[in-house]
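A short write-up of the structure that comes next.
The values are calculated or read from the model by the stated rules, or taken from the named source; none is laboratory data. Quick caveat: nothing in here was measured; it's all calculated off a predicted structure. Ideal geometry is used to build each Cβ from the backbone, glycine not excepted, and the neighbour counts take in all protein chains shown.
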Amino acid sequence: MLTGVYSINELTLASWSNVLPSRELFSQSKKWCPKCFEDWKKNNQIIYEPIIWNFKEVNICKIHGVRLKTECPYCSKPIPVLTRTSRNGFCPYCRSWLGSNDITDEIVDSKHNSWKYFVVNNIGTLLKAKSEEKTNWSQDNIVSFLESLIEKTVCAFSRCFDIPKSTVSSWFGDNHKPILQTLLKICYRLDINIIEVLSSNELHVSLISEKDYNDISRENKNTNNSKVRRKIDWDNVEEKLIGIINNKDFNTSSVREVARNLNCNARLLYSHFPDLCKKISEDHDIFIRYQKIRKDKEKRQKVLEVTFDLYNQGVYPTRRKVEAILDSNISLRRKDNYSIWKDAVKSFQ
């Protein structure tokens, strides 16, 4: 009743169970779009977590075209799917707000990330499918589609899509189904929509010859290997790392962020400069702790201000009245905030 949806199945992926396995379906931790959170908060809308963010293969927000966040920007911790202190839009560890309008550096170019956009668009289409459409979804449709591709060309199919032959063979047994990621990869390379595969028992892609498979493999190899090996000027990288460390201000970037700015892999940085990376990581941790202390101090000051303002207005500052005025990310459930409020109230007596 609260959701306005009168079928529980519409709120879950239960209707997918007959065609897609749950294996490798969801991420182990939360992902979110900071711009979505910020927009909802600004427009006084309900803060929630769309189910599409939970899919393992979804890494961008379809609405804003930005990379989904996977770690709290303040304490740098990944957030579990569910915790005792879970609260939509907030980190359960440091209680920080996860929304932000500062997304310029996180925008994902659709031209060079067509796979990511293909994934989010296709999964979005599946989630929007109505119940009457889902009745046409069938494992038999998937098998029929795969048979039209694989017949007499198992080896070529295996090479083209980089799928072990043993895995391909298992799809035609009773207990194995291709996972969502694999089906999406096949559809992407053949330029078809996955909902067509699930819905139609007449979708038969023309039998692909050995030559055609090789052409697809070569095309995708050229596309996917656009990350051509480049020669890295390690002396220049070392100089920049030293510059970051010698910066008098706190280091606000993690090793991962530094690596991204240098267009380099974080593991490579650690392997070449372990001591420098360790120092950058330590400085970043100090910055995070400093930020937390500063924010906690600001929150306690805000509790005091609200409490005294209410009292000066002739209103007794009960806990409920104080919390009603405070920002949503300031809670009197925290011991330090509660103590500040309690001591202030005692001073009025």
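The set of residues from the stretch 301-324 being surrounded by 15 or more Cβ atoms within 10 Å (Cβ to Cβ) and β-branched (Val, Ile, Thr) comprises Val303, Val306, Thr307, Val322. When Asp336, Asp283, Asp296, Asp327 are checked against the criterion of being over 17 Å from Ser96 (Cβ atoms) and either acidic (Asp, Glu) or touching a Gly at 6+ places or on another chain (Cβ under 8 Å) (or both), Asp283 stands alone in meeting it. Only one of the listed residues (Ala259, Ala324) is small (Gly, Ala, Ser), without any contact (Cβ under 8 Å) to a residue 40 or more places away in the chain and closer than 28 Å to Lys69 by Cβ. That residue is Ala259. Kindly establish whether Thr12 is free of Cβ contacts under 8 Å to residues at least 60 places away in the same chain, over 22 Å from Asn122 (Cα atoms) and of a type in the set (S, T, N, Q). So Thr12 fails the test. Is the stretch 120-133 home to any residue that is surrounded by 17 or more Cβ atoms within 10 Å (Cβ to Cβ) and either on the phi > 0 side of the Ramachandran plot or touching an Asp or Glu at 6+ places or on another chain (Cβ under 9 Å) (or both)? Within the stretch 120-133, one or more residues are surrounded by 17 or more Cβ atoms within 10 Å (Cβ to Cβ) and either on the phi > 0 side of the Ramachandran plot or touching an Asp or Glu at 6+ places or on another chain (Cβ under 9 Å) (or both). Taken together, Thr83, Thr104, Thr70 contain a single residue that is modelled with pLDDT of 90 or more, closer than 22 Å to Gln291 by Cβ, of a type in the set (S, T, N, Q) and not assigned by TED's automatic domain parsing to the domain that holds Asn193, which is Thr70. Apart from one condition, Ser158 fits all of (1) surrounded by 15 or more Cβ atoms within 10 Å (Cβ to Cβ); (2) under 28 Å from the mean Cα position of the chain (by Cα); the exception is (2).
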